[in-house]
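Some notes on the structure that comes next.
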Amino acid sequence: MAKAQTHETRNDVKTNAKQVSIGVLQGCLADGIDLYNATRQAHWNVKGPHFGELHKLFEEFYNALQTSTDDLAERIVQLGGTACGTTQVLAKTTRLPPYPTDLYAGMDHVRALADRYALVAKTLRDGIDQTDEAGDADTADLLTEQSRATDKMLWMIEAHLDHDTAR
């Protein structure tokens, strides 16, 4: 991992922990913004018998993701880093597969989003371990909070799938 350029701050988290946390947070930020965009794509284009319920659910989720990505970006800056969320940076750094723009049926969106929410939940959990091991308990706590919220959203998405097709 390349060393992040940092700015002076009175934050007393150790330099190595800041570097680890900034890298983890930037990866989670890129994935979170990508998930936000995928969820909006689904919200705008969902069709079918579950339209009303899914349209509302996806809106609730992208609003929550807007807040959570803001929290990630602000933590990067608190540690002296630069939060990078431009389209160009996201296209190069997201770990999520591209979201299909030809999906319309509600359950197709549910399956596509479930896969992406699961990936984001996993990377958040990996980040918890990395930042905790580096000695940044506050960042680990932030990622823990976001992991719980993402797991809940995943659960709510998966509840729309038949039990046999949830995986």
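The values are calculated or read from the model by the stated rules, or taken from the named source; none is laboratory data. The shown structure was predicted, so the numbers you read here are calculated from the model rather than taken from an experiment. Note that we place each Cβ from the backbone using ideal geometry, even for glycine, and neighbour counts take in every protein chain shown. For the accessible areas, the whole protein counts, side chains as well, though only heavy atoms, and no ligand, DNA or RNA atoms are used. Shrake-Rupley method; radii C 1.70, N 1.55, O 1.52, S 1.80 Å.
Any chance you could run the full-extension gain for GLU53 through TYR104? It's 0.36 nm times the residue separation minus the Cα-Cα distance, nm to one decimal. Write out the running numbers ahead of the final one.
On the way: separation 51, 0.36 × 51 = 18.36 nm, distance 1.45 nm.
Stretched out fully, the GLU53 to TYR104 stretch lengthens by 16.9 nm.
Given their separation in residues at 0.36 nm each and the Cα-Cα distance between them, THR82 and ASP141 gain 19.2 nm when the chain is fully extended. Residues TYR117, TYR62, ordered by accessible area of protein heavy atoms at a 1.4 angstrom probe radius and largest first, appear as TYR62, TYR117. Ellipticity at 222 nm from helices only: DSSP H runs of n ≥ 4 in the chain, each -39500 (n - 2.57), divided by the residue count, give -24500 deg cm²/dmol. Taking θ as phi - 60° and the Karplus parameters 6.51, -1.76 and 1.60, the scalar couplings of the range 44-51 work out to 5, 10, 5, 9, x, x, 9, 3 Hz in sequence order, x denoting glycine and proline.
Using the eigenvalues of the Cα gyration tensor, what equivalent ellipsoid semi-axes result for the range 35-93 when each is taken as the square root of five times the eigenvalue, whole Å, largest first? Please list the in-between numbers first.
Working: eigenvalues 170, 35, 5 Å².
With the √(5λ) rule applied to the range 35-93, the semi-axes are 29, 13, 5 Å.
For the range 20-146, the alpha carbon positions stretch 49, 27, 20 Å along the principal axes, listed from largest to smallest.
The range 28-68 and the range 101-167 have Cα centres lying 13 Å from one another. For the peptides 149-161, 7-19, 98-110, residues were scored by their other Cβ atoms within 10 Å and the scores averaged per peptide; the highest-first order is 149-161, 98-110, 7-19. Converting phi to 3J(HN,Hα) with the Karplus coefficients 6.51, -1.76 and 1.60 and the offset θ = phi - 60°, the range 147-160 yields 4, 4, 5, 5, 4, 5, 5, 4, 4, 5, 6, 4, 4, 7 Hz in sequence order, with x at every glycine or proline.
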